[in-house]
Structure formats: structure tokens, C-alpha cells
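Novice: Sharing a structure below in C-alpha cells format, with a few things to ask.
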Amino acid sequence: MLGQSKQPILIGWLHADSRELSGHYLTAFKEGLAALGWKEGSQLVIEERWADGRSARLQSLAEELAAKKLAVIVAAPQVSVPAAANAAPKTPIVMATGGDPVAAGLVKSLARPGGMITGLTNFSSSIAEKYIELLVAAAPKVKRVGVLSGPSLGVPGRAASIEAVRRSAVQYSVEAHIAAVAKSEDIEPAISRLAKEGVQGLVVLLTPLLRIERRRIMKLALAQHWPVVAGVNEFAEEGALISYSGDALANYRRAAYYVDRILKGTKPEDLPIEQSTRFELIVNQKTAKALGIKIPNSILVSADKVIE
């Protein structure tokens, strides 16, 4: 058992977001470790690396971690996992949250990962399909919907999410206008283009960059008087009408279980990857009133949180 060493065990933490934005996820992970009896400082030390929303930095940060004698690397979201795997192919990697690892070629299957990667995923195409459903239910006059996403080329899970949104748009008889955003400078032109195309509402799919830039996105969207539905709950705090996402904090706490098992000798390939079973629905009534939208009771009664 690794925990019997006199020297603190080193755990790597590789995250695509910034500490300012996602530090609470690290806190949740540490809480999970503490609940399992691990003491930070005396028993283990966490080496943190944050990419601040710049995915291009992940590989160099992963290599910094790989240079240390790490027992395990916790990587999130999924975009961080390949960087960790490439830099430290012999080190167990726990994915704390992310997309479909099978479609991305990271593991053989959820039940039998078959390598050094295991952990949790909140991927489900049904989540992406839910965004259009929620937007149309809350704002039935919307007939043209803008969709902000990252580039889908080479990102199987993201491509699946975009296709799910397109299917949902057809189901609810609305037009979906997709705008891919690869870097911060793309955001304002993307919003301007969608405005010229006459969109009346906005769906924001989750990427590290869009999450980092949520305040700017919401400022631009609200200037257009668009109701926004987003796939990450922090957007609702910034003025999105609705957010719907997996319970990320629960995932990060659960990631501690995987680290615990690995430190006690279980091989990653023997730890099935878990999928999120709980999703959070947040409604911003303040935004609804500002936009002149009456949120249906069917949505309000299902909400985990209502921002007044």
C-alpha cells in the first residue's frame, strides 16, 4: 500500500481551467480525500498545474508533472487527459469529469478501461439535446438559436454534442446556427455573426475556453436580449436564463475514491468509469424578468436552484 511510505505521496493535478474559476473543484477533491482518511501535507502533497483555459499549454504542464515522482495524476476536463497520458504513460490517470472517453479513444470501454486511465464522465448526448428543449420551453417565441461551441474537428465528444443539438433543433422546429470558437478573439465576431443571422436565443456548449470567458459571453448575449441556456452552472450566476449540467462537484469528490483505490493497489484498468447520475438545473428569474420571460412552473418546480 502506497500510503505506508514515510514521504508524502505526490499526486498530480492537471486542469484546463484557471484556479480562480475552478478552485472549488480542487477543494471538493480534497474534501473527498479527507473523508477517506488522507491527510494533505503529512500523507500526500498535490502538485497543481492550471492551463487557464489555454489548451495549448496542457502538454507542457503535463510534462512538468511527469518529471516528478507522481503516484497518480487527476486530470480534468477530458481535454487534459490526453496530455497527461502522453507525458506520463506509466502513471495512473483519474479523469475527474469530461466527455465520452471511449469515443475519444482514451479507453476501451467504460466497464473495462483497459489501460492507465479511469475515473468519471458526465458525457451524455441527451444532456446536449436538453438545452434546446429547455430554451424552447422557457422562450417559445425563439425560432432561431445560436450555438456557441469549440471546434469539433478531432474532438469526438464535442462533435456528438453538436449533432445532438442539431437533432433537438429539428425536433422542436427551430433553426440551429453553429458558431465554433477556438480562441478568445473569436467570441465577439461569433456573437456578431449570430446576431446578423437573426438568432433569438443562445445555447453555450461546454468548453474550457467558453467557461473561462463566460462573463464576456453573457455581456454580449444580454446586450442582444438573448435568453441563454448553458451547459455549465456558473453561466446562470452570470445571467444565463438556464443552466443544465452534471453535478461536477460530486464528480470531483468521487474522483478521490479512485485515487484512494489506486493508492491502495488497485489497477486503473480494473476500475470501471462512472457516469454522472445527477444533473443540476438552475434558473435565473432575475434575467427572466429583465427579458420579459415567464418561466413555466414545470421548469421552476424541477429547478435545483432559482436565482431571484
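The values are calculated or read from the model by the stated rules, or taken from the named source; none is laboratory data. All values derive from a computational prediction rather than experimental measurement. Counting neighbours? That spans all protein chains shown, and the Cβs are built from the backbone with ideal geometry, glycine included. The area values use the complete protein model at the heavy-atom level, side chains included, leaving out ligands, DNA and RNA. Shrake-Rupley method; radii C 1.70, N 1.55, O 1.52, S 1.80 Å.
Novice: Would you list Asp186, Asp52 from the most to the least accessible area, probe 1.4 Å? List each step's numbers first, then the result.
Specialist: Numbers: Asp186 35, Asp52 65 Å².
My answer, sorted largest first, is Asp52, Asp186.
Novice: Right, next: For Ser173 and Arg19, what does the FRET efficiency come to when R0 = 35 Å and r is the distance between their Cβ atoms, rounded to the nearest 0.05?
Specialist: Using R0 = 35 Å, I get an efficiency of 0.20.
Novice: With a 1.4 Å probe and all protein chains left in place, how much of the accessible area of the range 47-124 comes from carbon and sulfur atoms, in whole percent?
Specialist: Result for the range 47-124: 51 percent of the exposed heavy-atom area is carbon or sulfur.
Novice: How big is the gap, in Å, between the Cα center of the range 286-305 and the Cα center of the range 189-238?
Specialist: 18 Å
Novice: Where Rh denotes the Kirkwood radius from the mean inverse Cα pair distance, what is Rg over Rh for the chain?
Specialist: Reported Rg/Rh (Cα atoms, Kirkwood Rh): 1.00.
Novice: In whole Å, what three semi-axes, largest first, describe the equivalent ellipsoid of the range 1-156 built from its Cα gyration tensor (square root of 5 times each eigenvalue)?
Specialist: Details: eigenvalues 213, 61, 49 Å².
The answer is 33, 18, 16 Å, longest axis first.
Novice: Run through the range 1-91 and list the trypsin sites (Lys or Arg not before Pro) located in a DSSP loop whose Cβ has at most 15 other Cβ atoms within 10 Å.
Specialist: Counting only loop positions with at most 15 other Cβ atoms within 10 Å, the trypsin sites (Lys or Arg not before Pro) in the range 1-91 are Lys6, Lys39, Lys68, Lys69, Lys90.
Novice: I need the shape label for the range 116-222. Rule: rounded when a/c is under 1.5, else prolate if a/b > b/c, else oblate, with a, b, c from the alpha carbon gyration tensor.
Specialist: Oblate shape, in that a/c is at least 1.5 and b/c is the bigger or equal ratio.
Novice: Could you please state, rounded to a whole Å, how far the C-alpha centre of the range 87-133 is from the C-alpha centre of the range 6-66?
Specialist: Answer, in whole Å: 19.
Novice: Let me ask you something else. Rounded to the nearest 5, what is the percent of antiparallel bridges among the DSSP beta bridges in the chain?
Specialist: Bridges in the chain that DSSP calls antiparallel: roughly 10 percent.
Novice: Let me ask something else about it. Restricting to Cα pairs below 8 Å that are 6+ residues apart, what does the relative contact order work out to for the chain? Please round to a whole percent.
Specialist: 21 percent
Novice: What accessible area per residue, rounded to a whole number of Å², is obtained for the chain using a probe radius of 1.4 Å?
Specialist: 45 Å²
Novice: Work out the charge dipole of the range 175-308 with +1 on the Cβ of Lys and Arg and -1 on the Cβ of Asp and Glu about the Cα centre, then indicate which of Ile178, Ile191, Gln285 is farthest towards its positive end.
Specialist: Projecting each Cα onto the dipole axis, the largest value belongs to Gln285.
Novice: Can you tally the lysine pairs in the range 172-308 where the Cα-Cα distance is under 27 Å and the two residues are eight or more apart, or on different chains?
Specialist: The number of close lysine pairs in the range 172-308 is 14.
Novice: Now a separate question. Would you kindly find the accessible area of Glu308, with a 1.4 Å probe and non-protein molecules such as ligands, DNA and RNA excluded, rounding to the nearest 10 Å²?
Specialist: 140 Å²
Novice: Averaging over all projection directions, find the projected area of the Cα convex hull of the range 163-224 and quote it in nm² with one decimal place.
Specialist: 4.2 nm²
Novice: Now a separate question. With helices defined as uninterrupted DSSP H runs, which ones in the chain have an alpha carbon span along their own long axis of at least 15 Å and mean Kyte-Doolittle hydropathy of at least -1.0?
Specialist: The answer, listed by residue number, is 19-35, 125-138, 156-171, 248-263.
Novice: Convex hull over the alpha-carbon atoms of the range 182-290: what's its volume per residue in Å³?
Specialist: Here the figure is 123 Å³ per residue.
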